[in-house]
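Q: My questions all concern the structure below.
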Amino acid sequence: MKPVTLATLRQMKPAGEKIACLTAYDYSFASLLDRSGVDLIMVGDSLGMVIQGHDTTLPVTLADMIYHSRCVARGVARALIVVDMPFMSYQVSPVQAFENAGRLLQEGGAQVVKLEGGAPMVETVRFLTERGVPVCAHLGLTPQSVHQLGGYRAQGRDAASAGRIRQDALALQDAGAGLVVLEAVPATLAATITAELDIPTIGIGSGPECDGQVLVLHDMLGVYPRPSPKFSKNFLAGQAGVEDAVKAYVAAVKHGRFPGAEHCLA
Ligand code: KIV
């Protein structure tokens, strides 16, 4: 089977073919996701919470991300591997971001790096993409800014912040981003941004109109011991095993059955 690239995902958008994406942090789960039809595997810094047991993603280090990314890369033959740049590994300067993104690609086997933030990240995204580092942007609820946001809250609910997220998405695309994650924004805003952009949007808690969907693996398997976000769904419930749960998720995303209205923010 041909490996998924950014170009593959970009062709899926106008074809209306939904992109199924999940997080993974190790070899065995990455291999299971890959053979179950997941198009894009994110090595998210959510590992700080679901693997390491922290309250936030802030303690995650570049070394942690390289380690987990390398484990995932060994298990993947088809899916595109997108790896989070952790807090403090890219915000200082575009040069700092380039050096650390380079390590994720060289040592971690990342194919795309993901970083959080809007306008302040545009210069960095341009710097990386002009130097051959593919970038996935992340807008809306950006967990690395949890303390500034005052908690894990939906974003883009008023006209001013919705307008800002829309402008940021366009500016990041213009700077060379190949994908954008929209986390916890209203479905109507995500639909508008998805229609305006040429690059695919990957939604999490942002409604069914995004070009693709992502969930944190431990949430969709119902194994995270703390409360999962309302927009998530336990796909293991009623299934014979983990592989069936992942296949059910992929089918639900591909056929537009997930997310349902109950998984969208008002
Ligand atoms: O850290 C993460 O896992 C993520 C995705 C869920 C979007 O950022």
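Q: How high is the FRET efficiency between K2 and M88 when r is their beta carbon distance and R₀ equals 22 Å, given to the nearest 0.05? Could you put the intermediate results ahead of the total?
A: Working: r = 36 Å, r/R0 = 1.66.
Given R0 = 22 Å and the Cβ-Cβ separation, E is 0.05.
Q: Rounded if a/c is under 1.5, else prolate if a/b is larger than b/c, else oblate: which is the chain, with a ≥ b ≥ c the root eigenvalues of its Cα gyration tensor?
A: The shape class here is rounded.
Q: What does the charge add up to near E17, with Lys and Arg as +1, Asp and Glu as -1, over the other residues with Cβ less than 12 Å from its Cβ?
A: Around E17, the charge tally is +2.
Q: Let me ask you something else. Pull out a ≥ b ≥ c, the square roots of the eigenvalues of the alpha-carbon gyration tensor of region 39-184, then state rounded if a/c is under 1.5, prolate if not and a/b is larger than b/c, and oblate in the remaining case.
A: It is oblate, given that a/c is not under 1.5 and a/b is not larger than b/c.
Q: If each of K230 and E99 carries a label point 7 Å out from its Cα toward its Cβ, how far apart are those two points in nm?
A: Those two pseudo-labels are separated by 4.4 nm.
Q: Report the local net charge at M85: Lys and Arg +1, Asp and Glu -1, summed over other residues whose C-beta lies under 13 Å from its C-beta.
A: Value of the local net charge: -3.
Q: Roughly to the nearest percent, how much of the accessible area of region 115-266 is carbon and sulfur, given a 1.4 Å probe?
A: Numbers: 3350 of 6410 Å².
Carbon and sulfur atoms account for 52 percent of the accessible area of region 115-266.
Q: While we're here: Assuming a ≥ b ≥ c are the square roots of the Cα gyration tensor eigenvalues, decide whether region 41-109 counts as rounded (a/c under 1.5), prolate (otherwise, with a/b larger than b/c) or oblate.
A: Oblate is the answer for region 41-109, as a/c is 1.5 or above yet b/c matches or exceeds a/b.
Q: Sticking with this structure for a sec: Between V223 and T61, what FRET efficiency follows from the Cβ-Cβ distance if R0 is 35 Å, with the result rounded to 0.05? List each step's numbers first, then the result.
A: Numbers: r = 24 Å, r/R0 = 0.68.
Taking R0 as 35 Å, the efficiency between V223 and T61 is 0.90.
Q: Next up: Put +1 on the Cβ of each Lys and Arg and -1 on the Cβ of each Asp and Glu in the chain; which of M1, I81, V216 then has its Cα farthest toward the positive end of the dipole?
A: So the residue we want is M1.
Q: Also, I was wondering about something else. Excluding V76 itself, what net charge comes from residues whose Cβ is under 13 Å from its Cβ, given Lys and Arg +1 and Asp and Glu -1?
A: After counting each charged neighbour, the total is +1.
Q: Work out how much length I51 to Q167 would gain on full extension: take 0.36 nm times their residue separation and subtract the Cα-Cα distance, in nm to one decimal.
A: 38.3 nm
Q: Place the peptides 19-29, 152-162, 99-109 in order of packing, highest mean first, counting for every residue the other Cβ atoms within 10 Å and averaging per peptide. Walk me through the numbers on the way to the answer.
A: Values: 19-29: 23.1, 152-162: 14.5, 99-109: 19.1.
Ranking the peptides 19-29, 152-162, 99-109 by packing returns 19-29, 99-109, 152-162.
Q: Relative to the present Cα-Cα distance, how much length would full extension add between Q239 and E107 at 0.36 nm per residue of separation?
A: Working: separation 132, 0.36 × 132 = 47.52 nm, distance 3.64 nm.
43.9 nm is the gain from fully extending Q239 to E107.
Q: Over the chain, with the other protein chains present, what is the accessible area per residue in square angstrom, probe 1.4 angstrom?
A: Numbers: 11100 Å² over 266 residues.
Per-residue value: 42 Å².
Q: Per DSSP helix of 4 or more residues, -39500 (n - 2.57); summed, then divided by the residues of the chain. What does that give at 222 nm, rounded to the nearest 500?
A: The per-residue figure over the chain is -11500 deg cm²/dmol.
Q: Restricting to Cα pairs below 8 Å that are 6+ residues apart, what does the relative contact order work out to for the chain? Please round to a whole percent.
A: RCO, the chain: 18 percent.
The values are calculated or read from the model by the stated rules, or taken from the named source; none is laboratory data. Remember, predicted model here, so these are calculated numbers, not experimental data. Cβ sites come from the backbone with ideal geometry, for glycine too, and all protein chains shown count toward neighbours. The protein model used for the area step is the full one, side chains on, heavy atoms only, and it has no ligands, DNA or RNA in it. Shrake-Rupley method; radii C 1.70, N 1.55, O 1.52, S 1.80 Å.
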